[in-house]
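Visitor: Quick one: the structure is below, and I'll ask about it shortly.
The values are calculated or read from the model by the stated rules, or taken from the named source; none is laboratory data. If you're wondering where the values come from, they're calculated on a predicted model, not measured in any experiment. Here the Cβ positions follow ideal geometry from the backbone for every residue, glycine too, while neighbour counts run over all protein chains shown.
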């Protein structure tokens, strides 16, 4: 007389592995997209105060600060902090670098993602364009 031993068959284990693989295939890209969006949100959050600092300087002086090439890079140059604007980004900023070129009547802010080189550009008369 044969008794059934408790346990899983090979087919049952293969089905479980297949289901887990499908779930991981859906979850990992969604998680990566979530991380990318949160990093982009941080960059957007930091660009607006920089734009406002430039506009505030213009209101006080009737010209934009001449700050060609000033930048803020994690672990690198931080001339935007020591320049006429005295700006530094808020929050955890190890993903993006910020650069400003400004003249008498115009400015350009460029935000670049360090790992992927995705960037956003903001100018005086246009809304920021973010490459995702």
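Visitor: Here is a list: 34, 64. Which entry is in contact with a helix residue (DSSP H, G or I) (Cβ under 7 Å, 6 or more places away or on another chain) and closer than 30 Å to residue 99 by Cβ?
Guide: Details: 34 fails: in contact with a helix residue (DSSP H, G or I) (Cβ under 7 Å, 6 or more places away or on another chain).
Of the residues listed, the single one that is in contact with a helix residue (DSSP H, G or I) (Cβ under 7 Å, 6 or more places away or on another chain) and closer than 30 Å to residue 99 by Cβ is 64.
Visitor: Does residue 64 qualify as being assigned to a loop (DSSP other than H, G, I, E, B) and either under 30 Å from residue 121 (Cβ atoms) or without any contact (Cβ under 8 Å) to a residue 12 or more places away in the chain (or both)? Break it down into steps so the answer makes sense when it comes.
Guide: On the way: assigned to a loop (DSSP other than H, G, I, E, B): yes; either under 30 Å from residue 121 (Cβ atoms) or without any contact (Cβ under 8 Å) to a residue 12 or more places away in the chain (or both): yes.
Yes: the conditions hold for residue 64.
Visitor: Does residue 40 count as on the phi < 0 side of the Ramachandran plot, at pLDDT 80 or above and either out of contact with any helix residue (DSSP H, G or I) (no Cβ under 9 Å at 6 or more places or on another chain) or assigned to a helix (DSSP H, G or I) (or both)? First the steps, then the outcome.
Guide: Numbers: on the phi < 0 side of the Ramachandran plot: yes; at pLDDT 80 or above: no; either out of contact with any helix residue (DSSP H, G or I) (no Cβ under 9 Å at 6 or more places or on another chain) or assigned to a helix (DSSP H, G or I) (or both): yes.
Taking the combined requirement at face value, the residue does not satisfy it.
Visitor: Now a separate question. When you scan the stretch 88-132 for strands (runs of 3 or more DSSP E) that lie fully inside it, which ones turn up with 3 or more residues that are surrounded by 17 or more Cβ atoms within 10 Å (Cβ to Cβ) and modelled with pLDDT of 70 or more?
Guide: Details: elements: 96-102, 107-113, 119-123.
Answer list for the stretch 88-132: 96-102, 107-113.
Visitor: Here is a check on your reading of the model: is residue 25 at pLDDT 80 or above and surrounded by fewer than 16 Cβ atoms within 10 Å (Cβ to Cβ)? Lay out the reasoning, then the answer.
Guide: Numbers: at pLDDT 80 or above: yes; surrounded by fewer than 16 Cβ atoms within 10 Å (Cβ to Cβ): yes.
Spelling it out, residue 25 is indeed at pLDDT 80 or above and surrounded by fewer than 16 Cβ atoms within 10 Å (Cβ to Cβ).
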